[in-house]
Amino acid sequence: MIKELHDKIVNGEITAVELAQKYLDVIDEKDGPEGLNAFLTVTREEALAKARAVDEKVKKGEKIDLLAGIPYGAKDVICTKGIRTTAASKILDNYKPPYDATVITKLQKVGAVMLGKTNLDEFAMGASTENSAYGYVKNPHDPARVAGGSSGGSAAAVVAGEVVWALGSDTGGSIRQPAAFCGCVGLKPTYGRVSRHGLIAMASSLDQIGPLTQSVEDAAIVLSRIAGQDKMDATSAHSGGKLYERYLTRDIVGKKIGVLPAEVYDNLDPRITESITRAGECLQEHGAVLEEVALPHLKHALSVYYIIMPSEVSSNMARFDGIRYGMTADDGVDNAPGDGIHERYQDTRRIFLGEEVKRRIMLGTYSLSAGYYDQYYNKAQRVRRLIHQDFVDAFKKVDVILLPTAPEVAFKAGAKTSDPLTMYLSDIFTVAINLAGVPALSLPVGTLEYDGTELPIGGQLIGEWFDEEGLLAIGDVLEHALKR
Ligand code: GLN
């Protein structure tokens, strides 16, 4: 998709301005709070100015990057200088960051055209975007269903044709699960592959930025442009400027695909299991070899994640005190704010933070508190190490591991909002990947019919640390094999 549009811009078949306008028209037609609700802010003027600059270059015969002039959306948890960045929270309703996230700077340098900021669960905490303070994102296949989360706005915008691709962030599945629910490709890179500078932190040892796209090739193209070491993020890893799209050779003969024992699929809709089995068979037909791997600690991943993640959340959320950023207790209080500094903190946080965010702050504070630290946080860290070791052992035998992305397809809005634990179960297949830090790619592997609507099923390929090229190459073969 990106390559075709790039060729059109270079050949003069379409200008970057016309392209931006075309996508902005789709946003006008489909989005808004009554529509898809995928965008929280649309940056029309900035986008058109950027596109004009690309057209100037083309006119002068200058070489442009593959992403130049290509419209994209950025999840509203990624800081954009002077452009409202809310994290879908009332507490940042008025927040305009004084700087750009590193990924945004990198994309600006290559001439990518940002059309706006996409909706999400508040501070990326959730699996359906129903925790957004600005309303949930509708699934493009059925408006009564959720788009997944937390990068629901990014996924819906890509699938509805409002942007060519979008940036998301993934702490426990937030790129991959909405990609699965809406039917697009989502890549969570290896922890450290992409700079987190300017990503509003949820759980810093798990967060990673990545692309949601219409094809595996597009994901590779975007990754090549956002990856790399950054002095502003001490956890970003040295990676030598690879062009991942060059590794999509369509040759996977002899590659080993890890599949999990049958009991992992207990209690799953058999149609999801069938789609994953078929994906495995497709790879086999293309010369890959299937091999069973055990991830014995996978069953503990959800419990471990829901201790470590809130612990980090409780620490990261401390900065929202109503003084340094965003709204303060004086903005829209329901009663007069207290005078003391503590009352002001409390008022700001009580009024402007949503229920789920508060729940996680409390859970995290509890697990980190003296007396409970060893029982919860410390123990979870030790089991995290075992989960990491499971992947080390598995990757001694196989090149990638195949798994469903989510245990279900897009569910109805409201179906899980009253029971946070059922919502957390959505993350059962995604969180282990973040705990271990490995990269994973979700792509559509089939559909399933509910009430006359075909809903996408997502399959997940998990790669070895820093082997995005190997992962994408296998994903690219699978994507094409399934299309035939
Ligand atoms: N659904 C997960 C959660 O609620 C994942 C969130 C994320 O990856 N940002 O924590």
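On a straight-distance basis, which lysines could pair with residue 358 in a cross-link, Cα separation under 16 angstrom, same-chain partners fewer than 8 positions away excluded? Output for residue 358: 90.
A full extension of the chain between residue 324 and residue 251 corresponds to an added length of 21.0 nm, given 0.36 nm per residue minus the alpha carbon distance. Applying the Kirkwood pairwise sum to the alpha-carbon positions of the range 1-144 produces a hydrodynamic radius of 15.9 angstrom. Calculated translational diffusion coefficient of the range 356-459 (37 °C, 0.692 mPa s; Stokes-Einstein with Kirkwood radius over alpha-carbon pairs) equals 198 µm²/s.
Taking all protein chains into account, the per residue accessible area for the range 409-483 stands at 31 Å² (1.4 Å probe).
Cα-Cα pairs above 15 Å in the range 1-43: how many percent? Cα-Cα pairs of the range 1-43 separated by over 15 Å account for 51 percent. Ranked by the mean number of other Cβ atoms within 10 Å of their residues, highest first, the peptides 208-221, 275-288, 470-483 fall in the order 208-221, 470-483, 275-288.
Counting only protein heavy atoms and a 1.4 Å probe, tell me what percentage of the range 177-296's accessible area is made up of carbon and sulfur.
49
The orientation-averaged shadow of the Cα convex hull for the range 424-484, equal to a quarter of the hull surface, comes to 5.2 nm².
Ordering 104-110, 445-451 by mean Cβ neighbour count within 10 Å, with the highest value first, yields 104-110, 445-451. Share of carbon and sulfur in the accessible area of the range 361-480 stands at 57%, probe radius 1.4 Å.
In the chain, the alpha-carbon atoms span a convex hull of 145 Å³ per residue.
Per residue, the range 257-343 exposes 50 Å² of accessible surface when a 1.4 Å probe is rolled over the protein heavy atoms with every protein chain present.
Label-to-label distance for residue 229 and residue 96 is 3.6 nm, based on points extended 7 Å past Cα in the beta-carbon direction.
Taking a spot 7 Å from the Cα of residue 29 along the direction of its beta carbon, which residues of the range 146-177 have an amide N less than 20 Å from it? Within reach of a label on residue 29: 154-166. Semi-axes of the equivalent ellipsoid of the range 1-86 are 25, 15, 11 Å, computed as sqrt(5λ) over the eigenvalues of the C-alpha gyration tensor in descending order.
Size descriptors for the range 315-409: radius of gyration and Dmax over Cα atoms are 20.5, 63 Å. Normalised by the number of residues in the chain, the average gap of Cα pairs under 8 Å and 6 or more apart makes the relative contact order 17 percent. Per residue, the accessible area of the range 82-224 comes to 17 Å² when a 1.4 Å probe rolls over the protein heavy atoms.
The values are calculated or read from the model by the stated rules, or taken from the named source; none is laboratory data. Bear in mind that the values here come from a model prediction, so they are computed numbers and not experimental data. Virtual Cβ from ideal backbone geometry, glycine too; neighbours counted across all protein chains shown. Ligands, DNA and RNA are stripped out before the accessible areas are found, and what is left, the full protein with its side chains, is counted by its heavy atoms. Shrake-Rupley method; radii C 1.70, N 1.55, O 1.52, S 1.80 Å.
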